[in-house]
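Colleague: Quick one: the structure is below, questions incoming.
Bear in mind these aren't lab numbers, they're just calculated from the coordinates by the rules spelled out. Because the structure is predicted, anything quoted here is derived from the model rather than measured.
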């Protein structure tokens, strides 16, 4: 089974994501360059550097939600499926 990184952006109070990005971990280094700027900016504003995730994926790690970030405007959920 192929593991994927899933990043979902929700507006505050919504249960359906406004944006979802799903990336096969095996192609993460290439796909990282294709992630929308809006999402990269939101993650960067929260101190998350997507390039740092590459080392996490080099070894078999946890599954499920890795991190949830919520502020007054949005909620971001990063998970491994």
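Colleague: Counting alpha carbon pairs within less than 8 Å and at least 6 residues apart, what relative contact order, in whole percent, applies to the chain?
Modeller: 40
Colleague: Specify which labelled value, from [x] 21, 14, 12; [y] 30, 13, 11; [z] 35, 17, 8, agrees with semi-axes √(5λ) of the Cα gyration tensor in Å derived from the coordinates of the model shown.
Modeller: Entry [x].
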